[in-house]
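> Dropping the structure in here first, questions after.
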Amino acid sequence: MINPPEKVIMISIMAMSTAGLSFLAVKSWFSGIKHGNNYGCFYITNAMLSGSVSISASCDAIEVWHAVIISLVGAMIYGLGSKLLLRAEIDDPQEAFVIFGVNGLWST
């Protein structure tokens, strides 16, 4: 069944919120997230975008709790992918490959 537009908007907001908050909760697992006394807003914003990309292929056909789980996994994929890009010394300053490539594959 296809969800109405209001539910799709709610699912998208829940996915982005879940991804950002879960990434913030486990920030100590990833290297380079905390800069002094400030949290890295770049990484949290990218995690939120990863959560949004993770549910984009199926957001009209899933429930809210599905979006929470899918975006939680998407945020973890982003964190691990970001760490792997740094270790492999691959130049991707906006981390677009991890956000759109890897999470797009997870979405599909």
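> Any idea how many residues of segment 95-108 are of a type outside the set (D, E, K, R) and touching a residue at least 24 places away in the same chain (Cβ under 8 Å)?
The qualifying residues number 9.
> Can you tell me which residues in segment 56-95 are under 13 Å from the mean Cα position of the chain (by Cα), among the aliphatic types (A, V, I, L, M) and open to solvent by 40 Å² or more (accessible area, probe 1.4 Å)?
V68, I69, L72, V73, M76, I77, L80
> Considering segment 38-52 alone, what residues qualify as being open to solvent by less than 40 Å² (accessible area, probe 1.4 Å), at pLDDT 90 or above and more than 10 Å from Y78 (Cα to Cα)?
Once the filter is applied, which keeps residues that are open to solvent by less than 40 Å² (accessible area, probe 1.4 Å), at pLDDT 90 or above and more than 10 Å from Y78 (Cα to Cα), segment 38-52 yields only S52.
> What pairs can you find where one residue is in segment 1-15 and under 11 Å from S52 (Cα atoms), the other is open to solvent by less than 90 Å² (accessible area, probe 1.4 Å) and among the hydroxyl-bearing types (S, T, Y), and their Cβ atoms are less than 8 Å apart, with a gap of 6+ or different chains?
S12/S52; M14/S71; A15/S52; A15/S54; A15/S71
> Of the conditions (1) within 23 Å of P4 (Cα to Cα); (2) of a type in the set (D, E, K, R); (3) in a helix (DSSP H, G or I), K83 fails just one. Which one is it?
The one condition K83 does not meet is (1).
The values are calculated or read from the model by the stated rules, or taken from the named source; none is laboratory data. Predicted model only: the values in this text are computed from it and were never measured. As a convention, Cβ positions derive from the backbone with ideal geometry for all residues, glycine included, and neighbour counts pool all protein chains shown. Heavy atoms of the whole protein, side chains included, go into the accessibility calculation; ligands, DNA and RNA do not. Shrake-Rupley method; radii C 1.70, N 1.55, O 1.52, S 1.80 Å.
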